[in-house]
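Data first, discussion second: the structure below is written as structure tokens.
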Amino acid sequence: MLSRSMTIFTGNANPPLAAEIVGYLDCPLGRSRVTQFSDGENFCVIEENVRGVDTYVVQPTSAPVNDRVMELLIMVEALRRASAGSITAVIPYYGYARQDRKVAPRTPITAKLIADLLVAGGVNRVVAVDLHVGQIQGFFNIPFDHLTAMPALLQSHLRQHYRGAVVVSPDAGGTERARAFSRRLDGTLAIIDKRREKANESEVMNIVGNVEGKRCIIVDDIIDTAGTTCNAARALMGAGARQVSACATHAVLSGPAIGRVDESPLEEVVVTNSVPLSSAAASCRKIKVVSIAPLLAEAIRRIHHSDSVSSLFA
């Protein structure tokens with residue numbers, strides 16, 4: 001059990017994940033209340049003494065994204081004014097991460113804006129899992145621990161069923177992630193060359209690598225509307241793949257995602273609980289969930305005791 005000089009709080013984004021984390025750490029969940037006034041304003045009360053305490057706020061900024069961001073900021077503000085010793089934002093899913101650069105004139109870099117808000121609000125450290133691009137760490141001038149869900153996704157299910165499979169990156173940007181998976185599965189690598197005409201729409205152009213007669217697994221960080229993943233699955237089957245599945249860290253699954261997954265040739269989609277699944281996603285027979293609570297709990301334990309976090313992935 002950890003010392004009482006550390007307390008873990010949760011917002012409303014994913015309380016079950018926070019409950020799992022404190023279960024692994026054998027400590028109680030911090031007492032707090034995050035509510036809304038009738039006009040939609042968020043309000044937070046920290047219901048225990050945190051003076052001088054190292055505090056951790058578990059809050060993925062998933063849908064509804066703006067509410068979750070404001071909840072996190074207001075909880076941080078409440079902890080700061082309650083004289084918490086330190087405040088670490090544990091953000092399993094970092095919303096707005098896809099707005100990491102100017103893609104056209106007069107467009108924002110919103111991922112940087114969120115970073116600035118967190119630092120200005122009083123966050124002393126950030127823990128996140130599988131950022132859309134690792135460069136987002138550079139938006140912060142405070143310690144940032146970037147974790148990967150690969151150990152959770154590569155549990156016995158993937159190791160048993162996908163040993164030697166072709167690991168497919170759905171775009172050029174995810175090649176390093178797919179290569180890391182292929183090494184651990186003793187598999188080979190393929191890349192989808194695609195063109196994105198506008199947000200949430202993609203067109204598969206070419207497949208780089210041999211997939212004919214092979215079992216393939218598409219690896220990505222986020223599945224949002226599932227257009228990219230399902231288009232990639234159809235292209236792989238069209239190129240002669242024997243079987244296609246997918247795995248991703250963040251199951252955003254917005255809009256038509258569930259219908260697309262159901263109608264696609266995907267055999268299964270393995271995701272983590274970084275964000276809570278909707279009722280439709282939870283009832284989808286193709287979606288299987290693995291927990292990243294042990295990973296986050298161990299990272300928090302090591303941060304609290306000033307141990308190495310990077311050695312988790314050695």
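The values are calculated or read from the model by the stated rules, or taken from the named source; none is laboratory data. Since the structure is predicted, the reported quantities are computational estimates derived from the model, not experimental observations. Cβ: placed from backbone, ideal geometry, glycine included. Neighbour counts: every protein chain shown.
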Residue in segment 159-168 that is crowded, with 17+ Cβ neighbours inside 10 Å, charged (D, E, K, R), in a helix (DSSP H, G or I) and over 17 Å from the mean Cα position of the chain (by Cα) present: no
Residue satisfying all of: in segment 81-127; touching a Phe, Trp or Tyr at 6+ places or on another chain (Cβ under 6 Å) and surrounded by fewer than 21 Cβ atoms within 10 Å (Cβ to Cβ); farthest from T55 (Cα to Cα) among these: T110
Selection count, segment 94-129, where residues are in contact (Cβ under 8 Å) with a residue 60 or more places away in the chain and over 14 Å from S62 (Cα atoms): 2
Leading residue by the ranking (farthest from V270 (Cα to Cα)) among those in segment 211-248 that are among the charged types (D, E, K, R) and surrounded by 18 or more Cβ atoms within 10 Å (Cβ to Cβ): K214
In segment 157-189, the residues that are of a type in the set (S, T, Y) and either out of contact with any helix residue (DSSP H, G or I) (no Cβ under 7 Å at 6 or more places or on another chain) or not assigned by TED's automatic domain parsing to the domain that holds E267 (or both): Y162, T175, S182
Any hit, segment 252-265, residues being crowded, with 16+ Cβ neighbours inside 10 Å and acidic (D, E): no
Helices (runs of 4 or more DSSP H) completely within segment 38-157 that count 3 or more residues being at negative phi, at pLDDT 95 or above and out of contact with any Gly (no Cβ under 6 Å at 6 or more places or on another chain): 65-81, 110-121
Residue in segment 186-197 that is touching a strand residue (DSSP E or B) at 6+ places or on another chain (Cβ under 6 Å), in a loop (DSSP other than H, G, I, E, B) and buried (at least 23 other Cβ atoms within 10 Å of the Cβ) present: no
Test set (1) within 18 Å of A239 (Cα to Cα); (2) buried (at least 17 other Cβ atoms within 10 Å of the Cβ); (3) modelled with pLDDT under 95 - V208 fails condition number: (2)
